[in-house]
Amino acid sequence: METVRITDVAPRDGLQAEGGVVETGDKAALVRAIEGAGVDEVEVSSFVSPKWVPQLGDAAELFGLIAGGKPEGMIYSALVPNERGFEGALAVNADARQVHGVERLIDKVAVFTAASEGFSQKNTNASIEETLERFGALIPRAKEQGLMVRGYVSCIVRCPVDGDVSAEQVGDVVSGLLELGVDEIDLGDTIGAGDPDSIEQVLLEVMERLDGRAVNDFGDPTLTLHLHDTFGNAGACIERALEVGVRSFDSSAGGLGGCPYASTETSRAPGNVSTLAVLDAVEAAGLTTNVDREAMMRASLFAGGLIK
Ligand code: HMG
Ligand code: MG
């Protein structure tokens, strides 16, 4: 049976949106619970400005806490918006090598931009082109270090600032990221605006841009879908994505998460699709994952308990 790849983003996308700051020790316990459930990758944190996202200001400390117990074959990733963030990730890897003898603690860095100018500005204080310039400086260095690079594109259906986004707009940003040499394209429906048809349209456009680049150098899928479940459509969208051929999804234990810069004054951006909901869709399609459902249920309960 074909296996679908799962990245759990709860410690990063989940916790970045919470008003309170979760203690670093609790975050480490969350990572342990999620990886113990058998996900393929954990998106652990972000090396971003703590003024912009104070919830993740302890990224280096968190990696220090989990360095000793990294399971064999587990992939840890972290967001880096610029060279400063990338240096933070390299410093963590250097420490882990020295202190714990771990060859490479962070395996993958994720750069992030958007399909809409409004969101790019709001999220990173830069135009789409400026974000790509920033990434151009760090991606070759990541490759030199043997790190994989994920390239996120947010607002693949609609932007909270600019409104509707076309599949072609998404495709153009994807092409820009591919030219820079990212190993993986990750498509974010940041505000959960998609339905199965609009998601399929974007996927078909992006698959055309990928042009047969189905597998990267590390054997991981090149295309990942990252849905927020704002209007309860994420499960149906994942079913359609599976039909179209997508075999890699982001989700969060307990359905935590949302992007602070996608929230409005009156409502907080809702959570990522829950990992259990992705398991449901994958199983309904007759496919499987490496995740143990019981263990993920326990991890989800633990995740929920961290949120006030
Ligand atoms: P800026 O203010 O334009 O940056 O922010 P700057 O270069 O002018 O620097 C301002 C200050 O930040 C300086 O410090 C820098 O040193 C510091 P000061 O002199 O004022 O003390 N700084 C940093 N500190 C730590 N780490 C860094 C860093 N860079 C600069 N890497 C910046 C630009 C990109 C830094 C900022 O906008 C930022 O951090 N944005 C991050 C926003 C964010 O994390 N958003 C959520 C993640 S994306 C997301 O959730 C969507 C996704 O889930 C997919 C989807 O759902 O669609 C991925
Ligand atoms: Mg997100």
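The values are calculated or read from the model by the stated rules, or taken from the named source; none is laboratory data. Not measured: the values here are computed from a predicted model. Counting neighbours? That spans all protein chains shown, and the Cβs are built from the backbone with ideal geometry, glycine included. We work out accessible area using only protein heavy atoms, side chains counted, and drop any ligands, DNA or RNA first. Shrake-Rupley method; radii C 1.70, N 1.55, O 1.52, S 1.80 Å.
How many of the residues in region 285-308 are in a loop (DSSP other than H, G, I, E, B) and either under 12 Å from Ala29 (Cα atoms) or touching an Asp or Glu at 6+ places or on another chain (Cβ under 9 Å) (or both)? Break it down stepwise before answering.
Going through region 285-308, the residues in a loop (DSSP other than H, G, I, E, B) turn out to be 285-287, 290-292, 306-308.
Among the residues that remain, those that are also either under 12 Å from Ala29 (Cα atoms) or touching an Asp or Glu at 6+ places or on another chain (Cβ under 9 Å) (or both) are: 285-287, 290-291, 306-308.
Residues that pass the stated criteria total 8.
Do we find a residue being among the small types (Gly, Ala, Ser) and surrounded by fewer than 20 Cβ atoms within 10 Å (Cβ to Cβ) anywhere in region 181-200? Before the answer, list the steps.
Keep residues of region 181-200 that are among the small types (Gly, Ala, Ser), which gives 181, 188, 192-194, 198.
Of the ones still in play, those that are also surrounded by fewer than 20 Cβ atoms within 10 Å (Cβ to Cβ) are 181.
There is at least one residue in region 181-200 that is among the small types (Gly, Ala, Ser) and surrounded by fewer than 20 Cβ atoms within 10 Å (Cβ to Cβ).
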Legend entry - Residue pairs meeting the criteria (Cβ under 7 Å; at least 6 apart or on separate chains; first closer than 19 Å to Ala236 by Cβ and assigned to a loop (DSSP other than H, G, I, E, B), in region 190-215; second of a type in the set (Ser, Thr, Tyr) and open to solvent by 10 Å² or more (accessible area, probe 1.4 Å)): Thr190/Ser154; Ile191/Thr230; Gly192/Thr230
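Within region 74-86, can one find any residue that is among the polar types (S, T, N, Q) and either in a helix (DSSP H, G or I) or in contact (Cβ under 8 Å) with a residue 40 or more places away in the chain (or both)? If you could, list the steps in order and put the result at the bottom.
Narrowing region 74-86 to residues among the polar types (S, T, N, Q): 77, 82.
Cutting the leftovers down to either in a helix (DSSP H, G or I) or in contact (Cβ under 8 Å) with a residue 40 or more places away in the chain (or both) gives us 77, 82.
Within region 74-86 (the criterion being among the polar types (S, T, N, Q) and either in a helix (DSSP H, G or I) or in contact (Cβ under 8 Å) with a residue 40 or more places away in the chain (or both)), the answer is yes, since at least one residue qualifies.
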Legend entry - Qualifying residues in region 225-249 (those that are assigned to a strand (DSSP E or B) and farther than 12 Å from Val4 by Cβ) - the one nearest to the chain's Cα centre (by Cα): His226
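State which residue is farthest from the chain's Cα centre (by Cα) when the search covers only region 44-66 and only residues that are within 16 Å of ligand 2 (Cβ to nearest atom) and either open to solvent by 50 Å² or more (accessible area, probe 1.4 Å) or not polar (S, T, N, Q) (or both). Let's see the steps before the verdict.
Kept after step one, since they are within 16 Å of ligand 2 (Cβ to nearest atom), are these residues of region 44-66: 44-46, 48, 52-53, 55-56.
Next cut, either open to solvent by 50 Å² or more (accessible area, probe 1.4 Å) or not polar (S, T, N, Q) (or both) only: 44, 48, 52-53, 56.
On the way: Val44: 9, Val48: 14, Trp52: 18, Val53: 16, Leu56: 14 Å.
Among them, the one singled out is Trp52.
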Legend entry - Tally, over region 137-156, of residues that are more than 16 Å from the chain's Cα centre (by Cα) and either open to solvent by 30 Å² or more (accessible area, probe 1.4 Å) or within 10 Å of ligand 1 (Cβ to nearest atom) (or both): 6
Legend entry - Failed item in (1) within 16 Å of ligand 1 (Cβ to nearest atom); (2) not small (Gly, Ala, Ser); (3) not in a helix (DSSP H, G or I), with Arg12 passing the rest: (3)
Inset, instruction - Taking the residues in region 15-67 that are among the polar types (S, T, N, Q) and free of Cβ contacts under 8 Å to residues at least 40 places away in the same chain as candidates, determine which candidate is farthest from ligand 1 (Cβ to nearest atom). - result: Ser45
Inset, instruction - Could you tell me which numbered condition Val92 fails, if it satisfies all but one of (1) within 16 Å of ligand 2 (Cβ to nearest atom); (2) among the β-branched types (Val, Ile, Thr); (3) in a helix (DSSP H, G or I)? - result: (1)
Inset, instruction - For Val39, work out the one condition from (1) open to solvent by 20 Å² or more (accessible area, probe 1.4 Å); (2) assigned to a loop (DSSP other than H, G, I, E, B); (3) among the hydrophobic types (A, V, I, L, M, F, W, C) it doesn't fulfil. - result: (1)
